[in-house]
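Structure, as structure tokens:
Any read-out appearing in this document is the output of simple, stated calculations on the displayed coordinates, not a laboratory observation. All of these numbers come straight from a predicted model, not from anything done at the bench. Reconstructed Cβ throughout: ideal geometry from the backbone, glycine too, with neighbour counts over all protein chains shown.
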Amino acid sequence: MRTLPCLFFLSLVVLLPLTGCKPSATDSGSAKDYEIRGKVTAVDATKQTVTLDHEAIPGLMQGMTMAFKVEDQKLLSGIQTGDKVQGRLKKTDAGMVITKLEKR
């Protein structure tokens, strides 16, 4: 009869610490900012995207050409194909978005 209480206690000791180990989706620490530099290969103001042939982003990805959403359509004002740009990229659980973009 003592086996059941012992198993219950043992399962609590093992499982309870695990319940607090997972970060929540609303955790403010889940977003990270990165410096981004590259050359504009396309701008689509209607979709609020810019395609960049970007340099490597240390800690995130190697250099490549890809489209990024921009946080605000105003960031695309004056930006055109062929421009060399730099800015900030925010990576969250929901994806990546450029929060700052300016010509170099």
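Using the Cβ of Val97 as centre and a radius below 9 Å, the other residues enclosed give a net charge of +2, where K and R count +1 and D and E count -1.
The stretch between Met61 and Thr92, if pulled fully straight at 0.36 nm per residue, gains 9.7 nm over its current Cα-Cα span. Karplus-based coupling profile of the stretch 61-77, in residue order and whole Hz: 7, 7, x, 5, 9, 7, 8, 10, 6, 10, 4, 9, 4, 4, 4, 8, 4, with θ = phi - 60° in 6.51 cos²θ - 1.76 cosθ + 1.60 and x standing for Gly or Pro. Here the Karplus relation 6.51 cos²θ - 1.76 cosθ + 1.60, evaluated at θ = phi - 60°, turns the backbone of the stretch 43-51 into coupling constants of 10, 10, 5, 5, 8, 6, 10, 9, 9 Hz, with x for every Gly and Pro. Residues whose amide H comes within less than 5 Å of that of Asp83, counting only those at least five positions distant or on another chain, are Val40 (H built at 1.01 Å from N in the peptide plane).
Around the Cα centre of the stretch 37-96, unit charges on the Cβ atoms of Lys, Arg, Asp and Glu (plus for the first two, minus for the last two) sum to a dipole of about 100 debye.
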